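Everything below concerns the one structure shown next.
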Amino acid sequence: MQVDEFVRRYVAGERNFSGINLRGADLRGINLSGANLSGANLEGAFLLGANLAGSNLMGAQLIGTTFTSCCLIGVKMRGAKICQTNLIAADMTGADLAELSLCGVQIMGTRLFCANLVGAKLKFTDFTGSDLNKANLFGADLTEANLTGTNLTFAKLTKANLQKANLTGTNLTGADLSEANLTGADMRRAHLIGAKVFKTILWDANLTDATIEGINLGAAVLNGAIMPDGTIYRGSG
């Protein structure tokens, strides 16, 4: 379908475009809020500044798609094929990204407030400066992810894999890190005020100058961890 025809039909009130082929389409600044684009081919499409709030992108082809500065509030992306996709500075508040593989995806400065990232595969992903306040990352794989300066206040990171993740200066106030694996994580200057660390694995993690008020480190596994005062924990826990 040609872009002009697609836009005409949307403006006329049509919302079901399941399976549509918009490969490489220039859709910058377009309003597609509430559209059903499940199974659509948006490979290489350019949607800079577009509004897709409440849209359905489940099972869509989003390889090389540009969503820079898009409104993606409440978007559904389960089952989508995402690779080399640009989500920089997008607003993905309440988005459903559960179980997705986002390796190679650009997410810097992205708003993911209350987003569902349960079980998502996020290895090596760069979240620098993103807002993940109250995001659900239960069981997510964040191995070697870059979370520098990220807002993870009250985020759910239960059973998440954060081995060797960069959490320098990250705000984890009130976050639930129960049973999470932070082996070798860089947590220098991180804020952990009121965080839950029940059975959290912090082997060899670097907590230098971290703020740890109101948490029970005795409930965590700390062998080899560098503590906030620079000492290395050599206990049995």
Review point. How much accessible surface does Lys76 have with a 1.4 Å probe, in Å² rounded to 10?
Key: 100 Å²
Practice item. Round to the nearest 10 and report in Å² the accessible area of Leu217, as given by a 1.4 Å probe over the protein chains' heavy atoms. Key: 30 Å²
Review point. Can you give the accessible area per residue of the stretch 14-107, in Å², using a 1.4 Å probe?
Key: 37 Å²
**Study point:** Inter-centroid distance (Cα atoms) of the stretch 87-164 relative to the stretch 1-71, Å
**Key:** 23 Å
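Obtain the radius of gyration and the Kirkwood radius of the stretch 15-144 from its C-alpha atoms and give Rg over Rh. Please list the in-between numbers first.
Values: Rg = 13.1 Å, Rh = 14.0 Å.
Computed over Cα atoms, the ratio is 0.93.
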Review point. Based on DSSP H runs of at least 4 residues, each adding -39500 (n - 2.57), what is the mean residue ellipticity at 222 nm of the chain after dividing by all its residues, to the nearest 500 deg cm²/dmol?
Key: -1000 deg cm²/dmol
Revision key, fill the gap. Scoring the chain by relative contact order with C-alpha pairs under 8 Å, at least six apart, yields a percentage of 8 percent
Revision key, fill the gap. In the list [x] 13.6; [y] 11.9; [z] 10.8, the entry giving mean projected area of the Cα convex hull in nm² computed from the coordinates is [z]
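How much net charge surrounds Glu99 when only the other residues with a Cβ under 10 Å from the Cβ of Glu99 are counted, with Lys and Arg +1 and Asp and Glu -1? Intermediate values should be presented prior to the final figure.
Working: positive: Arg78, Lys121; negative: Asp96.
Neighbour charge sum, excluding Glu99 itself: +1.
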Exercise for review: Pairs of lysines 8 or more apart, or on different chains, with alpha carbons under 13 Å: count those in the chain, would you?
Suggested key: 6
Practice item. Please list the equivalent ellipsoid semi-axes of the stretch 9-52, computed as the square roots of five times the alpha-carbon gyration tensor eigenvalues, in descending order and whole angstrom. Key: 15, 14, 8
Revision key, fill the gap. Residue-ordered couplings for the stretch 95-105, obtained by feeding phi - 60° into the Karplus form 6.51 cos²θ - 1.76 cosθ + 1.60 and rounding to whole Hz (Gly and Pro as x), are 5, 9, 10, 4, 6, 6, 9, 10, 4, x, 9
Check your understanding: Around Leu202, with a cut-off of 14 angstrom between Cβ atoms, what is the net charge of the other residues, counting Lys and Arg +1 and Asp and Glu -1?
Key -> +2
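Once the other residues with Cβ under 15 Å from the Cβ of Thr173 are scored (Lys, Arg +1; Asp, Glu -1), what is the net sum?
Values: positive: Lys134, Lys156, Arg189, Lys196; negative: Asp131, Asp176, Glu213.
Result for the neighbourhood of Thr173: +1.
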Revision key, fill the gap. Whole-percent carbon and sulfur contribution to the accessible surface of the chain (1.4 Å, no ligands, DNA or RNA) stands at 50 percent
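Hey, what did the stretch 58-146 get for relative contact order, percent, Cα under 8 Å, at least 6 apart? Write out the running numbers ahead of the final one.
Numbers: 284 pairs, mean separation 19.9, N = 89.
22 percent.
The values are calculated or read from the model by the stated rules, or taken from the named source; none is laboratory data. This is a predicted model, so every value here is computed, not measured. Virtual Cβ from ideal backbone geometry, glycine too; neighbours counted across all protein chains shown. Side chains included, ligands, DNA and RNA excluded: accessible areas come from the protein's heavy atoms. Shrake-Rupley method; radii C 1.70, N 1.55, O 1.52, S 1.80 Å.
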